[in-house]
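Peer 1: Please see the structure below; I have some questions.
Read-outs throughout are calculated quantities, based only on the coordinates presented, and are distinct from any laboratory measurement. Note that the structure is a prediction, hence the values are computed from the model and not measured. Here the Cβ positions follow ideal geometry from the backbone for every residue, glycine too, while neighbour counts run over all protein chains shown.
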Amino acid sequence: MSRRPQRELEQAPHHVYKHYNTGGRLIYVGLTSDPANRPTEAKGRPWIKTESSRVEVSPAMPYDVAVWVERSLIRDANPKHNTANSAPALEPLDDRIDRICEATGCTRGAARFTSTYLPTTEPEFTAALERRKQLAAS
């Protein structure tokens, strides 16, 4: 995670990178503003050295577009290493990001940073969304 302020990060061009295994299966999708280093950085991700055989890095794009591309790829391909607490980061039909954006008027990028940590049951998610609405309104 970068230590730069969020606003500065969102203004920088971003890239989506994809790791593939030897069989050509997509195993991880990531987002970076540092395409020279981040895609191959193995700190905290030991599978990079053992499972990843090829990395593709997209051309530069605006932050919100890159977040949308990353999340779409994760939803569609369900890569093995895109997880949160050992569970898939987002279920294929998960609409939490869209619901957060619609309710609070935030960008998809801003919603992404909390989407994998929000409650997964509908009543808990609805309660968390109501709290976000109240914070956004104040």
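Peer 1: Applying the selection to the stretch 40-64, what residues are in a helix (DSSP H, G or I), within 26 Å of GLN11 (Cβ to Cβ) and in contact (Cβ under 8 Å) with a residue 24 or more places away in the chain?
Peer 2: TYR63, ASP64, listed by residue number.
Peer 1: Looking at the stretch 7-56, which of the residues that are among the hydroxyl-bearing types (Ser, Thr, Tyr) and loosely packed, with under 15 Cβ neighbours inside 10 Å is farthest from SER72 (Cα to Cα)?
Peer 2: Ranking the candidates gives THR50 first.
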